[in-house]
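Right, one structure below, let's go through it.
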Amino acid sequence: MLTLHAAPVVRGTPGDAAPLHDAAVAVDGDHIAAIGSLEELRAAYPRARVREWPGELGPALLHEGPVPDAPSPRERIHALLRRGATAVLAHHLGDAELRAAAHRGGIAVLDRPRPPALAPAGRADLAVFDADGECLATVAAGRLVHRRR
């Protein structure tokens, strides 16, 4: 099912100087189908489910440091998702249990850093942040994996 993730501000990259306003990202499965105004995407995808988020929607982050400590590998990976990260560098996933938890959580494991960006046909890794920089929601490969209550 196609989902429109809408927000008052949508940034294609974290430092995007020309964000879209009242916009959305159309997510089809694990990839981005389109990015544009909410009105245009509603017209293009009239049967799409719409999730409206407060704050700024943009690409999910790459976590470049060690994975946070927590009681279990699953909780360590969830700590990344709560921060809006859906990618981690491979050398920070030292043991098999942590790598397996990353795989189950939809975390992209990268050999080297890449700049986060939203692009049609790209992997649907999105994050929504409030005005204070707190992560409100994280979408990894099209799946909502974290939502702050």
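The values are calculated or read from the model by the stated rules, or taken from the named source; none is laboratory data. Here the structure is a predicted model, which is why all the values come from computation and not from measurement. Cβ coordinates were reconstructed from backbone atoms using ideal geometry, including for glycine residues, and neighbour counts include every protein chain displayed. Note: accessible area is taken over every heavy atom of the protein model, side chains too, but ligands, DNA and RNA are not part of it. Shrake-Rupley method; radii C 1.70, N 1.55, O 1.52, S 1.80 Å.
By a 1.4 Å probe calculation restricted to protein chains, residue 5 has an accessible surface near 10 Å², given to the nearest 10.
Once the Cα-Cα distance is subtracted from the 0.36 nm per residue extended length, the residue 117 to residue 131 segment shows a gain of 3.1 nm. With the whole protein complex present, residue 99 retains an accessible surface near 110 Å², based on a 1.4 Å probe. Comparing mean-square fluctuations of 71, 19, 46 from a GNM of the chain with C-alpha springs under 10 Å, the top value falls on 71.
Considering only 81, 103, 70, and ranking their Cα positions along the charge dipole of the range 66-114 that arises from unit charges at the beta-carbon of Lys, Arg, Asp and Glu, the one farthest toward the positive end is 81. Taking 24, 124, 48 as the candidate residues, the one with maximal mean-square fluctuation in a Gaussian network model of the chain, Cα springs under 10 Å, is 48. Each Cα pair under 8 Å and six or more residues apart adds its sequence gap; the mean of these over the residue count of the chain is a relative contact order of 26 percent.
Please report the antiparallel percentage of the DSSP beta bridges confined to the chain, to the nearest 5. Walk me through the numbers before you get to the answer.
Numbers: 27 of 39 bridges.
That works out to approximately 70 percent antiparallel.
Kirkwood analysis of the Cα pair distances in the chain returns a hydrodynamic radius of 15.4 Å. Computed from backbone phi, the HN-Hα couplings of the range 117-127 come to 7, 9, 8, x, 6, x, 4, 7, 10, 10, 9 Hz, rounded to whole numbers (Karplus: 6.51 cos²θ - 1.76 cosθ + 1.60, θ = phi - 60°; Gly and Pro given as x).
The listed residues 16, 22, 69, once ranked by accessible area (1.4 Å probe) with the largest placed first, stand as 69, 22, 16.
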